[in-house]
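Student: Take a look at the following structure, please.
Readers should treat all values here as calculations from the given coordinates under stated rules, not as data from a laboratory. Remember, predicted model here, so these are calculated numbers, not experimental data. With ideal geometry, Cβ positions are generated from the backbone for all residues, glycine too; neighbour counts draw on all protein chains shown.
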Amino acid sequence: MQNEMDITPLEAKVNTDSSLELTELLARFGLEGFRPLQKEAITAVLRGKDSLVLMPTGGGKSLCYQLPSLALNGCTVVVSPLIALMKDQADSVNKKLKREHYAHVLNSSISAGKQTEIKAKVHEGETKLIYVSPEWLSVEGNQAFLDSIDVPLIAIDEAHCVSEWGHDFRPEYRNIRKYLSGLSNQPTIICLTATATPFVQQDIIDNLKLKDVNVFKASFNRPNLSYFIKPKLPQATLHQAIAKEVLKHPQETGIIYCMYRKTTEEVAEMLQNNGIKAMAYHGGLPTKERMEVQNAFTSGKVHVVVATIAFGMGIDKADVRFVIHHDLPKSIENYYQETGRAGRDGKPSRCLGFYSEKDVKSYARRFKDLNEGERQRASQLLESMHDFVLSGTCRRAFVLRYFGEKVEHNSCLENNTCDNCAQKYETTDLQEMAREVLSWMNNNTPKGASKKMIQTLLLGRTTPAITTAKFEESSVFGLGKTLRPNSIRELIEMALNVGVLQRDPSNPLNVLPGKWSNENLSPSSFSVSLQKRIDRPKASNEITFHQDLYDMLKASCKRKAESLNIPSFLMFSDAALKETATYLPTTPENFLAVQGVSDRKSRKFGQFVLPIVQQFTKDNDLEANLSIQTKGVMKKSAQKVKLIEMIDKKMTLDALEGFLGVDQDYVINELETIVMAGTKLNVQHLFSEEVDEELYDEMWDFYRGLEEDQLGPFEEEFDEEEIPEHILRLVRLQFHAMHGL
């Protein structure tokens, strides 16, 4: 797939200015030297060679087409999916080159008149770099425009969007080749991405029909980043852990990623309450407000942005010292891309992630609305991410193997810059098991087998396919039955890493038999974690969850709830009781610091909780752990007050969205915040068309029988009714508003 190139300094003239050495062109961008592989990729472009460039976030991909645009005759075209960031990218180039019209944007956000002006500047030679969307390419008139000018180079940014197996597949990217084929003169193509597995790389090359392609693949290793993964704690304890992590970096910048918009606002408020300059960022905010957050972050006025994944693309800030994931990312590609925004200046930076099985289930519910192919792809990516957080092997090695990079060591070496290497897990050598798998595949499935089948066989589990093929009688059946499924998946990845197994180029879910070569093996080639920590001393200041106290609190609330004929979580949620069993609040004032405990609930039901906590702390010589404020009083902003008034006036959900200028998800999140803070709201008119009184009563009967306040069982029970998720959320909200105490 890759051609090796003899790279020499550029001397041949490309246009009237190209007698300049590459280093002189580099100086125009204010740079003194090239980063790894930049010079090689640029030289290939100037020689007219199609290229695929894989560089980590912050590796300098954009220079690989920006610098050639100076040396090449005509106008370089950059295809990008990031419409919202194109202008920032163009402005950045113009600023560096001190030329007002060198780079421009052409997409649907630009008026027809402005596009005509820009096209004129391209014809005049004043504009030599244009950013376009793939949708823009599909317009016939725009194709005619490109055919009327000299286009020496097409740069396809975020090229993983081409592949159906990429983590951010965009169907319109699959048509780029068709649009380019209509041009009279075929330009050189350079594809750039920070996240592409070997399978995705080949898919990009095949779809775009790259000719005699050169692949420039920088190492995905970010040696200055440390990676730490922790199981998610109860909410208030999780928030305390996040606040403590941020406070380790005084006056330093960081990004906290959350799955939900509502969570970004809660975490940002919590940080503000602890004296940290933080702001929330998500797609539900007005455009002006999002821009204000970005500007405040890049200028240093705000130190921490708490955001959904929408934040960070195109943000030119090199000194981000930490990235925290409040929730599990949906793919390793997303995780790598988001953590990659830390430490772009090369200085040590920390990446901390939290996960729970609930995160996995939340994504699974979201995937239900996808078509079968999309759901399969999304589930596969999520499964790999799930494997990553559960893995007991080196985080760094796991990620590098995932992207097809050969790893000679299964650790961070002497640095211990990941939690697993620092914790020292017990390991076991599975070399003989790997040898047995290869032998079995050569004899039984020489054309390949799915990773899932190999895992199932080794674990000694049967499926109809295994039974039909009589594989239960094979030598590998049950060979790994004493291991965790995740250890088996690690074994398969390690076998791929050293060539014992090979990736199937036609199906990323399958593997092919490779070759056994002792030269490629090291003593740790098949050293798999058993997930058992060795002598891990407990930190003296570590927060402790008291299970026995939680059980007592749960029993007390359940007895009272049964007497009131309501589910116990309408008194205090399960999360609130877990936080109470962690924080140990012994006074009404401290009890209010627990998430989900309103003043009304504390006054009415604190008597069923606080005496138990007081006695427990006395018996065990414990004190309350409330050094960091994790819950603030809900700020009744003008928007929240207006929302309450509009609900009282029975305005529809569409009307609420339009009036407030936000989306549906944002409105429901705000309503949940208001109700959980203790405000009574009647929202039944928002779902009365979808849920009549009879169905509502049936839902209430089911809901009050639940042990925990979860939406998942609710969705499953009423799946046949085909009720949209947002309606179920509103019904659940109504239960809290009307029956909560």
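Student: What lysines sit close enough to LYS211 to cross-link, taking a C-alpha to C-alpha distance under 18 Å and skipping anything fewer than 8 places away on the same chain?
Tutor: Straight-distance partners of LYS211: LYS49, LYS178.
Student: Determine ³J(HN,Hα), in whole Hz, for all residues of the stretch 102-109 in sequence, where each value follows from phi through the Karplus function 6.51 cos²θ - 1.76 cosθ + 1.60 and θ = phi - 60°; x replaces Gly and Pro.
Tutor: Result, ordered by residue: 4, 10, 9, 10, 10, 7, 5, 7 Hz.
Student: Next up: Express in nm, to one decimal, how much length is gained between GLU289 and ASP719 on full extension, taking 0.36 nm for each residue of separation and deducting their alpha carbon distance.
Tutor: That pair, GLU289 and ASP719, stretches by 151.0 nm at full extension.
Student: Give the calculated FRET efficiency between ASN416 and ARG28 to the nearest 0.05, with a Förster radius of 51 Å applied to their Cβ-Cβ distance.
Tutor: For R0 = 51 Å, the calculated efficiency reads 0.75.
Student: Another question, if that's okay. Could you name the aspartates and glutamates whose alpha carbon sits less than 15 Å from that of LYS406, not counting residues in the same chain fewer than 8 places away?
Tutor: Once the sequence-local aspartates and glutamates are set aside, what remains near LYS406 is GLU490, GLU493, GLU519.
Student: Oh, and also: Which order do the peptides 564-576, 209-221 take when ranked by the mean count of other beta-carbon atoms within 10 Å per residue, highest first?
Tutor: Result, highest mean Cβ count within 10 Å first: 564-576, 209-221.
Student: Compute the Rg/Rh shape ratio of the stretch 423-533: radius of gyration over Kirkwood radius, all on alpha-carbon atoms.
Tutor: A ratio of 0.96.
Student: Rounded to the nearest 500, what is the 222 nm mean residue ellipticity of the chain from helices alone, with -39500 (n - 2.57) per DSSP H run of 4+ residues and division by all residues?
Tutor: Roughly -13000 deg cm²/dmol at 222 nm, from the helical runs in the chain.
Student: What aspartates and glutamates does LYS288 reach when the alpha-carbon gap must be under 16 Å and sequence neighbours fewer than 8 apart in one chain are set aside?
Tutor: Counting by Cα, and skipping residues close in sequence, LYS288 has these aspartates and glutamates nearby: ASP88, ASP663.
Student: Can you pull the one-decimal nm distance between simple spin-label points at MET646 and GLN615, each 7 Å off the Cα toward Cβ?
Tutor: If labels sit at MET646 and GLN615, their model points lie 4.9 nm apart.
Student: From the backbone phi of the stretch 461-466, what are the Karplus-calculated ³J(HN,Hα) couplings (6.51 cos²θ - 1.76 cosθ + 1.60, θ = phi - 60°) in whole Hz, Gly and Pro given as x?
Tutor: Listing the rounded values in order: 9, 9, 9, x, 5, 5 Hz.
Student: Further, regarding this structure: Students often get this wrong, so check it: of LYS330/LYS601; LYS230/LYS515; LYS358/LYS451; LYS578/LYS618; LYS96/LYS301, which have C-alpha atoms separated by over 27 Å?
Tutor: LYS330/LYS601; LYS230/LYS515
Student: Let me ask something else about it. For THR116 and LEU85 in one chain, what is 0.36 nm times their gap in residues minus the Cα-Cα distance, to one decimal in nm?
Tutor: 9.0 nm
Student: Follow-up. Measuring from label point to label point, each 7 Å out along Cα→Cβ, what is the LYS178 to LYS481 span in nm?
Tutor: Inter-label distance under the simple model: 5.3 nm.
Student: Moving to a separate point now. Could I have the simple spin-label model distance between PHE659 and LEU711, label points 7 Å from Cα toward Cβ, reported in nm to one decimal?
Tutor: With each label point 7 Å from Cα toward Cβ, the separation is 2.3 nm.
Student: Once you have a ≥ b ≥ c as the square roots of the Cα gyration tensor eigenvalues for the stretch 225-390, tell me rounded if a/c is under 1.5, and otherwise prolate or oblate according to whether a/b is larger than b/c.
Tutor: prolate
Student: Can you compute the radius of gyration and Dmax for the stretch 638-739, using only the Cα atoms, both in Å?
Tutor: 13.4, 40
Student: Taking H placed 1.01 Å from N in the peptide plane, check which residues at least 5 places from ILE156 or on another chain put their amide H under 5 Å from its amide H.
Tutor: Result for ILE156 returns VAL79, ILE190, CYS191, LEU192.
Student: Please express the shape of the chain as an equivalent ellipsoid: the semi-axes are the square roots of 5 times the eigenvalues of the C-alpha gyration tensor, given largest first in whole angstrom.
Tutor: 47, 35, 26
Student: Which ordering of LEU192, LEU711 is given by a fewest-first count of other beta-carbon atoms within 10 Å?
Tutor: Lowest count first: LEU711, LEU192.
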